[in-house]
Every structure is written in structure tokens, then in C-alpha cells.
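Structure first, commentary second.
The values are calculated or read from the model by the stated rules, or taken from the named source; none is laboratory data. Because the structure is predicted, anything quoted here is derived from the model rather than measured. Heads up, the Cβs are rebuilt from the backbone with ideal geometry, glycines too, and the neighbour counts pull from every protein chain shown. The accessibility values were calculated without ligands, DNA or RNA, using every heavy atom of the protein model including side chains. Shrake-Rupley method; radii C 1.70, N 1.55, O 1.52, S 1.80 Å.
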Amino acid sequence: MKAQAILAVISSLALVISLATLWQSHLAKFKTVAVAGPLQLRISQIKSSDTSWYIPQVDCRVTISNTGARVGKVLGIRMVARYPLLPIPGAHEIFSAHSEVDSVLYRKHGADRFTWIDKASLGDAAPFVLLPRSSTSKHVVFDTRWDDPVIQDEIEFTLEILTDRVAKWIAVEKWTHSIRGIEWSELTEVGTAFTVHPASAGSRRPFTTVPSDLHEYTRGKKEIPAGGFTRHDSRLVTSARSAKANGKQQKEAPGATNDQREQ
């Protein structure tokens, strides 16, 4: 009886493991896991005849993975800008996906809106399919239109995706930034781009030093010489033994052998 009970338990465990393996390999539903990098904000001023307006644009790289065993569709991607300090509950606006871009060319031409559209754009940010256990990375630019300056001490940007599994937008990453008067001037008149790190990065930032004044101690106290390394001409130095042998050979050169001398 004990042996039969043990066999029954082993059989049940094997069945459970087999079902779990079958689920993971063939039946698990489409499920997305996404991660995004730093967000970059630019604002372009557009003029036409007697009117003018602003085109704010934000861009980031995003990687989306399908951890399930079934094919899935990503139907849309967007950026939502929320204004938590306004006395209007839920105040927000949508930055639509303008296009997918080549990261290298966008970095080179991103300061000029019409140039990057011409040289860096890879086309519309269209829906796409994710195969089981696969990932895709995209660099996407989002934009909208502002007819007047937007001055806010806090703007919360949220990247969202829409899939065919759930009929609602799913938040992927968040960034918090501000646009004060001086920053608006820098963005629109100078053409500066502001880079914001994602909320998921927490306190982790590039170029962080501990303590904050670390370089006060690492910079050294001695004066740094100018001109780099001192360079000298190089030459081959012959050893004493080799020089002696060479001299002997030169003396015997007129007559190489005794027979030759007698002749």
C-alpha cells in the first residue's frame, strides 16, 4: 500500500510538471514586458504668414518583449503628459507617435525638426506583431501642438502601449520634468534639448560620484606638465665585444687567408 501511494504521488507530480511545461511552451497567453530609456524633450517654433505655434516633441528608446507562448499584437504606442499641479483633476494631453527614427541620424539632426523628419525618420510608428519569446526595440518620437507657451513646475510624461490582449492602455514608464520660464526660453530660442531619466531608475544616474565632492580629492596637488611625454631620438648601441670583432674583420679584409698573402 505504501509503495502504491508513493507511485501515485510521483505520477501526480509528473503530470503536474508536464502540464506546467505544456502551458509555458504552447499555451501561455501573450504577455508584454517593456522597458524604456531616458526621455528627451525639444520644442520647435513654427511660423506661417502671420501665425505661429509650437511643436513639443519627446523621444525615447523602448524595448518590448513577449514572454508568452502565443503571438501578440502591439496596436499602438503613445505618450501622455499630465499636469498634477493644475486645479483640474485628471488634466492631461496625448502626444501621438509621430514616427520611428534611426537613433544615430536623429542624434545628429534632432535639433532641426524638418531635417530629422527628412533624414532620420524610418516611417510611421505602425502596429507590429511580437512572436513568442521575442523582443523588439524602437526609437520613437512623439509630438503635439501648443498654440501658447506651457509653463509648469511639474509635467509627468507616461509612455503607454495598447495590445490586442487587454482593451486598455498599459503604462510602461514615467518621467517627471518642469518647464519654467527660463527653460521655455532655452528650449524655444536656443534650441536646447532636455534629457530626463525614467522614474524606474530611481537614484541611479550616470556620472554619479560618492561623495558628491569626490573630485576635490582626486584632482591632485602638483602642477601638470605641459606637452605630454618628452621624446628622444633612438639609436642602436653596439656592444663592446661586437665592436672588437668588427674591427678585427676590417683589419684582415685586404688578405682573407695566408695563401692569398703569399701569392
Problem - Lone qualifier among Glu160, Glu154 - being of a type outside the set (A, V, I, L, M, F, W, C), part of a strand (DSSP E or B), surrounded by 12 or more Cβ atoms within 10 Å (Cβ to Cβ) and in contact with a Lys or Arg (Cβ under 7 Å, 6 or more places away or on another chain) - result: Glu160
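Conditions (1) under 16 Å from Ala171 (Cα atoms); (2) hydrophobic (A, V, I, L, M, F, W, C), marked per residue:
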{"residue": "Ala69", "(1), (2)": "no, yes"}
{"residue": "Leu85", "(1), (2)": "no, yes"}
{"residue": "Pro89", "(1), (2)": "no, no"}
{"residue": "His92", "(1), (2)": "yes, no"}
{"residue": "Ala97", "(1), (2)": "yes, yes"}
{"residue": "Tyr106", "(1), (2)": "no, no"}
{"residue": "Leu131", "(1), (2)": "no, yes"}
{"residue": "Arg145", "(1), (2)": "no, no"}
{"residue": "Leu159", "(1), (2)": "yes, yes"}
Problem - Residue pairs meeting the criteria (Cβ under 8 Å; at least 6 apart or on separate chains; first closer than 16 Å to Lys138 by Cβ, in segment 49-64; second outside any strand (DSSP E or B) and of a type in the set (Lys, Arg)) - result: Gln57/Arg113
Practice task
Mind listing whichever residues of segment 121-151 are farther than 24 Å from Gly68 by Cβ, under 22 Å from the mean Cα position of the chain (by Cα) and part of a strand (DSSP E or B)?
Solution key: Ser121, Leu122, Gly123, His139, Val141, Phe142, Asp143
Handout entry: Breaking point among (1) open to solvent by 60 Å² or more (accessible area, probe 1.4 Å); (2) on the phi > 0 side of the Ramachandran plot, for Gly123
Key = (1)
Handout entry: segment 96-112 residues that are buried (at least 19 other Cβ atoms within 10 Å of the Cβ) and polar (S, T, N, Q), paired with ones that are outside any helix (DSSP H, G or I) and modelled with pLDDT of 95 or more (beta carbon under 6 Å, 6 or more apart)
Key = Ser99/Ser121; Ser99/Val141
